[in-house]
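Have a look at the structure below, then the notes.
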């Protein structure tokens, strides 16, 4: 299940509508569903869902050397509730923030990366 804003950052007003809690219960109660995973839910909303009785197996979130947010509250919460933390953008997102690494003149050699 993805955040209410389809993967974008949600504003407090969007989270004020608790439809996502009803939706995740509806999904979990379907006999065809074996497990529930989340995408881009923040720690507070993930814990709200867990506290409402839904068993979450994973939460997929952005993580990189530039964006370390999951290593703080999210990591502790996932450990506490045995939720697997799946990350995306670990390398590519970081490279996008380092212009010299995305330069078209980057050449890879057998020893190192050189920028000419």
Okay, helices (runs of 4 or more DSSP H) sitting entirely in segment 34-115 with 2 or more residues that are surrounded by fewer than 17 Cβ atoms within 10 Å (Cβ to Cβ) and at pLDDT 80 or above, I get 43-51, 73-81
Whether any residue in segment 9-32 is under 15 Å from the mean Cα position of the chain (by Cα), at pLDDT below 90 and assigned to a strand (DSSP E or B) is what I want to check. no
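The values are calculated or read from the model by the stated rules, or taken from the named source; none is laboratory data. Computed from a predicted structure; not experimentally measured. Methodologically, a virtual Cβ is constructed for each residue, glycine included, from the backbone with ideal geometry; neighbour enumeration extends over all protein chains shown.
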